[in-house]
Amino acid sequence: MQLALELARKGAGRTSPNPRVGAVLVKGGRIIGQGYHRAVGEKHAEVEAIEAATESVEGATLICNLEPCCHNTREKRTPPCTRRIIAEKIARVVVSTIDPNPHVNGQGLAELQAAGIEVKTGVLAREALELNAAYFKSVHRREAFFHLKIAQSLDGRIATRRGDSKWITDQQARRQVQALRRQADAILVGVGTVLADNPRLTVREESDYQPYRLVLDSRLRTPLEAHLVRDRWAQRTLIFHGPQADVTRKRKLAERGVRLVEAPVDAAGRIDLAFLAGYLAAQGILAVLVEGGSRVFTEFVRQNRFDRLTAFVAPLLIGEGLPAIGDLGVEALSEARRLEQVRIHTLGNQAVVEGYRRVKETFGPLAEVWSCSRD
Ligand code: AOF
Ligand code: ZN
C-alpha cells in the first residue's frame, strides 16, 4: 500500500476533480504490475496496473488506495473498474478507504464480494485520507480544500514593520514549500502580497506542471506589470474581484490572458470565501495552498474557512511587525481556534506545527478514519 500511495502521488495536480489513485498487483509474493491514475479522463489506476502486468493477473491481489469504481453514469469518462477486476479473475482486493462518491460509496466493494473476491479495507487509511483530502472534501461539501501555509517568526510575525519578509525561514523550509506547491491544484494570495512582493508563485524544478494562481483582489489593484500577469503562465492566473471593479482595468488585465472572476463581497468589501470555495470546486480546482498575506490568513481563520494549517516557525524574534494572523475577535480562550490531529516536527531550523481545523467538517463520515485506523 505504501507503494500504491507513492504511485498515486505522481498524479498530483493533474487528476482533479478525480482522486489520486495508485494500484499494485501482487502474486506469489512478487509485484507483477503497477500503475496510477495519470490525469482526469485517462485510465484508472487499477486498469493501468492490470495492463502493465508482466504475467497473468488471475488469482493475484490488487492493492489500491481507493475503492474501485463500479458505476457508469453519463458523465463517467472510463468504464467501471470492478467489472474489469472480476473479468480478470483477480482473487483479492485490498484498499485504504471507500470512495465516498455517492455512485460508489461501498457498492464497489460489495460488487467484488458478491463475485467471490476477498476484500479488505482500512490499510494505511490515514495516509490515504490525507493524500486525497481535497477530493474527499469536494465530495462531502462541494467546496475546495484550503491549506494555509505560514512562514513565521517565533513571535508570530510574517514580516517586519516595513514589510521585509525575505527570509524568515531557511532553505529547507522553502524547499518543503515547493513540495507543497507541486501537490496543489492552485496557490492563493491576496492582492496585498502581489503589491508588496510581486511573487511568481511557480513550481520550480518541474517546469511541465504549474498550479493555478489565485488572487483575491476586490478592487482590482493587481498591476499590469505583475509577474502573475506577464509571465508565460498568465492563463493560469485567476483574479477574483468585486462588482465595483473598474471596467478599463478589467479589459486590460483580460487582454494579458489572465482570467477574471466577479465575486460577491462582504460589507467590508472582501471577497466572499463561501463563493470562492464553491466556485473553485465547480471548476475542478480542489487543493488550494493559501500563502498569505496576513489579511488573507486572518479571514480564512476568522470565518472558519480553512481545512488544514502548516506553520513553519523560525527561531527569530521580530517584535512589532506584521502578524501572521490579525484580530479574530477572540475574548475567551474557549473561542480561540484550536487545531485537531496536530503533528509537530522539526525541519532544518524550524519547528513545523500542523493540524486540521475540524476533520469532521472537512471529511464528513470518513473522518472516523482518524479514530479507528489500525495503522
Ligand atoms: C478508481 N480508480 O484511479 C480513480 C477513481 O470519469 P472517470 O471514469 O474517470 O471516473 C471518475 C470517478 O471514479 C471519480 O469521481 C471517483 O469516484 C472514481 N475515481 N476510481 O477506481 C481511479 N481515479
Ligand atoms: Zn475506476
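Other residues with beta-carbon under 9 Å from the beta-carbon of GLU291 carry, at +1 per Lys or Arg and -1 per Asp or Glu, a net charge of +2. Counting each DSSP H run of 4 or more residues in the chain as -39500 (n - 2.57), what helix-only mean residue ellipticity at 222 nm follows after dividing by all residues, to the nearest 500 deg cm²/dmol? Estimated from H runs of four or more residues: -7500 deg cm²/dmol. Element breakdown for the chain at a 1.4 angstrom probe: carbon and sulfur atoms account for 47% of the accessible area. For region 47-97 and region 293-320, what is the separation of their C-alpha centers, rounded to whole Å? Here the two parts' Cα centres lie 42 Å apart.
Quick one: pull the percentage of alpha-carbon pairs in the chain with a separation above 40 Å. Taking all Cα-Cα pairs of the chain, the fraction more than 40 Å apart is 20 percent. Restriction of the trypsin sites (Lys or Arg not before Pro) in region 50-88 to DSSP coil positions whose beta-carbon has at most 14 other beta-carbons within 10 angstrom yields ARG74, LYS76, ARG77. Using the structure shown, select from LYS43/LYS120; LYS27/LYS76; LYS43/LYS89 the pairs with a Cα to Cα distance greater than 27 angstrom. Violating the 27 Å limit, Cα to Cα: LYS27/LYS76. The residues of the chain expose on average 47 square angstrom of accessible surface per residue, using a 1.4 Å probe on protein heavy atoms. For region 108-219, the ratio of Cα radius of gyration to the globular rule of thumb 2.2 N^0.38 Å stands at 1.49. Each of THR160, THR61, THR346, THR222 has its accessible area taken with a 1.4 Å probe; listed largest first, they run THR346, THR160, THR61, THR222.
Taking a point 7 Å from the Cα of THR54 along the Cα-to-Cβ direction, none of the residues of region 86-120 has its backbone N closer than 16 Å to it. Potential lengthening of the chain between ARG204 and GLU6 amounts to 69.2 nm, from the contour at 0.36 nm per residue minus the alpha-carbon distance. A straight Cα-to-Cα reach below 17 Å connects LYS137 with the aspartates and glutamates GLU67, ASP99, GLU127, ASP185, ASP307, GLU340, GLU361, GLU368, residues fewer than 8 places away in its own chain not being considered. Placing a label point 7 Å from the Cα of LEU328 along the Cα-to-Cβ direction, the residues of region 339-353 whose backbone N falls under 13 Å from that point are 339-340. Computed over the alpha-carbon atoms, region 251-375 gives an Rg to Rh ratio of 1.01, Rh here being the Kirkwood radius from the mean inverse distance.
The values are calculated or read from the model by the stated rules, or taken from the named source; none is laboratory data. Everything numeric here is computed off the predicted structure, so don't read it as measured data. All Cβ positions, glycine included, derive from the backbone under ideal geometry; neighbour counts span all protein chains shown. Surface accessibility is based on the protein's heavy atoms, side chains included, excluding ligands, DNA and RNA. Shrake-Rupley method; radii C 1.70, N 1.55, O 1.52, S 1.80 Å.
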